[in-house]
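Worksheet for the structure shown next.
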Amino acid sequence: MVNHILIVGAGQAALQAIDTLRRKGFTGQLTLVGEEPWLPYQRPPLSKKFLSGGMDREKLLFRPQTFYAERSVQTHLGRRAVEIDRTRQSVRLDDGTSLGYDALLLATGSTPRHIPVPGANLRRVHLLRNIADVERIRADLANARSLVIIGAGYIGLEVAGTVRELGLPVTLLEQTDRVLSRVTAPAISAFYESEHTRQGVRIVCGTQVRALEGADGRVRSVECEDGSAYEADVVLVGIGVGPRDDLAQAAGLECLNGIVVDQHCRTSDPNIYAAGDCTSHPSIHYGRRVRLESVDNAFEQSSSAALNMLGTPTPHDKVPWFWSDQYDLKMIIVGLSQGYDEAITRGSPASRSFSVCYLREGELIAVDTVNAPKDQMAARKLVAARARPDRAKLTEPNIPLKDCL
Ligand SMILES: Cc1cc2nc3c(=O)[nH]c(=O)nc-3n(C[C@H](O)[C@H](O)[C@H](O)COP(=O)(O)OP(=O)(O)OC[C@H]3O[C@@H](n4cnc5c(N)ncnc54)[C@H](O)[C@@H]3O)c2cc1C
């Protein structure tokens, strides 16, 4: 019998779990622990409107304090969970408080990777994950003459776009031969490279950072292996994230590139569940384990976890989707393209509205859309249905994607 549910980590997944638990009739004790001082808030605007100063901190919150009070959620904010005692079913916080649980949900998210080079700890070198990070970056940008971003993934490109709109010179350094190389096909990379270049971002691909050089403890330039150097008043490191699974590991839970959970979001301890960025979970659709960093995944997985904690078996089995906003471009990615053997572009990138369909042995496994909402809607259905579209039709943008079978 579950009388007390404890949630560790107060982000997207936590909010969704609280909402689902109370909507589905859980009347027991509900406790939320978060190391940040804020109620759960949205992270996507951190690299966009909140960074540019176009959005207040309060607007980031998913729900106001009253939402939690009305649902009798006991909150411990600004408190980190430091130890799980699985035998006593309790969690110790960094102020010594001990909280018991019948079921525990780990929703600890992910953490940005540091760059392992000399000078990484200089002042004005930043990572970007939370409100405090952005407030520090904004303060440094206010009197800066140049920004260098290391890493041309989503965060790097989104920040480049936002900061260019503020008028500051931006250089983007990427070690692979193209932007977004980890997640998209060359056609999408080429498109985003040309858009950012047009907006004045200097993009340098195929370059490996060797060191950050500074003076008076503050970064001044970024040096690369080939001897090139880039002046930098501020540096943002955006080279990916890793799962926050330290707490779970210390408690002896199985972890492998994230907290290992089953389809029902249960960890190797039947009383402990996990959801969101921190998990490695089985994707039935793709037939392999995945670790996803997206709002959609945190939302869907924690909804399932909540139902499973209440005794309603609910597998987490959705085709994932992601989005990225840069300038006036909305990219929506449906599915996972890794392992594709053919990528077909629909429409012309020059029109700034096009899609790339990824096939593996004829099956549509993923679709990236740029300003193409109709393709995006159709893609969700077709990818989930394991559709095998007609290649000739796919290349013809006048034929709606939904009719390309
Ligand atoms: C700048 C930025 C832009 C993004 N843009 C997009 C986007 O456009 N589209 C998209 O789909 N996704 C985007 N994402 C990703 C998305 O925000 C995450 O996938 C989502 O927030 C994951 O939710 P979560 O609940 O798993 O983790 P989080 O939202 O990260 O919440 C985890 C919380 O747990 C806390 N915590 C960790 N360990 C402990 C502990 N031991 N004790 C107490 N608290 C702890 C953390 O401090 C954090 O507050 C973006 C992320 C960032 C950082």
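The values are calculated or read from the model by the stated rules, or taken from the named source; none is laboratory data. Here the structure is a predicted model, which is why all the values come from computation and not from measurement. Here Cβ is always computed from backbone atoms with ideal geometry, including for glycine, and neighbour counts include all displayed protein chains. For accessibility, only protein heavy atoms count, side chains too; no ligands or nucleic acids. Shrake-Rupley method; radii C 1.70, N 1.55, O 1.52, S 1.80 Å.
Can you find a residue in segment 102-120 that is within 16 Å of the ligand (Cβ to nearest atom) and open to solvent by 60 Å² or more (accessible area, probe 1.4 Å)?
First pass over segment 102-120, keeping only residues within 16 Å of the ligand (Cβ to nearest atom): 104-114.
Now restrict to residues that are open to solvent by 60 Å² or more (accessible area, probe 1.4 Å): 113-114.
The answer is yes, given that some residue of segment 102-120 is within 16 Å of the ligand (Cβ to nearest atom) and open to solvent by 60 Å² or more (accessible area, probe 1.4 Å).
May I ask you to list pairs of residues, at least six apart or on different chains, whose Cβ atoms are under 7 Å apart, with the first in segment 61-78 being on the phi > 0 side of the Ramachandran plot and modelled with pLDDT of 95 or more and the second being buried (at least 16 other Cβ atoms within 10 Å of the Cβ) and part of a strand (DSSP E or B)?
Ser72/Leu30
Output the residue which, of all residues in segment 240-250 that are surrounded by fewer than 20 Cβ atoms within 10 Å (Cβ to Cβ) and either more than 16 Å from Val82 (Cα to Cα) or not acidic (Asp, Glu) (or both), is nearest to the ligand (Cβ to nearest atom).
Taking segment 240-250 as the starting set, the residues that turn out to be surrounded by fewer than 20 Cβ atoms within 10 Å (Cβ to Cβ) are 240-242, 246, 249-250.
In the following step, the residues that additionally are either more than 16 Å from Val82 (Cα to Cα) or not acidic (Asp, Glu) (or both) were identified as 240-242, 249-250.
Details: Gly240: 11, Val241: 8, Gly242: 12, Gln249: 12, Ala250: 10 Å.
The qualifying residue nearest to the ligand (Cβ to nearest atom) is Val241.
Please work out which one of (1) open to solvent by less than 60 Å² (accessible area, probe 1.4 Å); (2) assigned to a loop (DSSP other than H, G, I, E, B); (3) at pLDDT 95 or above is the condition Asp19 fails and give its number.
(2)
Only one of these is within 20 Å of the chain's Cα centre (by Cα), within 9 Å of the ligand (Cβ to nearest atom) and over 28 Å from Arg88 (Cβ atoms): Leu46, Leu60. Name it.
On the way: Leu60 fails: within 9 Å of the ligand (Cβ to nearest atom).
Going through Leu46, Leu60 in turn, the sole match is Leu46.
Do the conditions hold for Glu135, that is, is it within 16 Å of the ligand (Cβ to nearest atom), buried (at least 20 other Cβ atoms within 10 Å of the Cβ), assigned to a helix (DSSP H, G or I) and not hydrophobic (A, V, I, L, M, F, W, C)? Working first, answer last.
Numbers: within 16 Å of the ligand (Cβ to nearest atom): yes; buried (at least 20 other Cβ atoms within 10 Å of the Cβ): no; assigned to a helix (DSSP H, G or I): yes; not hydrophobic (A, V, I, L, M, F, W, C): yes.
Answer is no for this residue.
Among (1) open to solvent by 80 Å² or more (accessible area, probe 1.4 Å); (2) part of a helix (DSSP H, G or I), where does Phe50 come up short?
Answer for Phe50: the failing condition is (1).
Give Thr197, Thr176, Thr171 a once-over and let me know the one that is free of Cβ contacts under 8 Å to residues at least 24 places away in the same chain and within 26 Å of Phe322 (Cα to Cα). It would help to see each step written out before you state the result.
Values: Thr176 fails: free of Cβ contacts under 8 Å to residues at least 24 places away in the same chain; Thr171 fails: free of Cβ contacts under 8 Å to residues at least 24 places away in the same chain.
Result of the check over Thr197, Thr176, Thr171: Thr197.
Could you tell me whether segment 275-288 includes any residue that is surrounded by fewer than 16 Cβ atoms within 10 Å (Cβ to Cβ) and among the aliphatic types (A, V, I, L, M)? Talk me through it step by step, then tell me what you get.
Step one: list which residues in segment 275-288 are surrounded by fewer than 16 Cβ atoms within 10 Å (Cβ to Cβ), which gives 284, 287-288.
So of that shortlist, the ones also among the aliphatic types (A, V, I, L, M) come out as 284.
Yes: segment 275-288 contains one or more residues that are surrounded by fewer than 16 Cβ atoms within 10 Å (Cβ to Cβ) and among the aliphatic types (A, V, I, L, M).
I need the full set of residues from segment 152-192 which are in a helix (DSSP H, G or I), open to solvent by less than 20 Å² (accessible area, probe 1.4 Å) and not acidic (Asp, Glu), in order please. Can you show your working first?
Going residue by residue through segment 152-192, those that are in a helix (DSSP H, G or I) are 154-165, 186-192.
Next, from what is left, pick out any that are open to solvent by less than 20 Å² (accessible area, probe 1.4 Å): 156-163, 188-189, 191-192.
Answer for segment 152-192, where residues must be in a helix (DSSP H, G or I), open to solvent by less than 20 Å² (accessible area, probe 1.4 Å) and not acidic (Asp, Glu): Gly156, Leu157, Val159, Ala160, Gly161, Thr162, Val163, Ile188, Ser189, Phe191, Tyr192.
Return the pair list, or none, for Cβ contacts closer than 7 Å from residues in segment 375-392 that are under 22 Å from Arg352 (Cα atoms) to residues that are in a helix (DSSP H, G or I), at least 6 apart or on different chains.
Asp375/Leu401; Ala378/Leu401; Ala378/Lys402; Ala379/Leu401
Return the residues of segment 29-47 that are part of a loop (DSSP other than H, G, I, E, B), farther than 23 Å from Asp325 by Cβ and free of Cβ contacts under 8 Å to residues at least 60 places away in the same chain; say none if nothing qualifies. If you could, list the steps in order and put the result at the bottom.
Quick first cut of segment 29-47, residues part of a loop (DSSP other than H, G, I, E, B) only: 35-40, 42-43.
This time we only want the ones that are farther than 23 Å from Asp325 by Cβ, so: 35-37, 39.
Glu35, Pro37, Leu39, listed by residue number.
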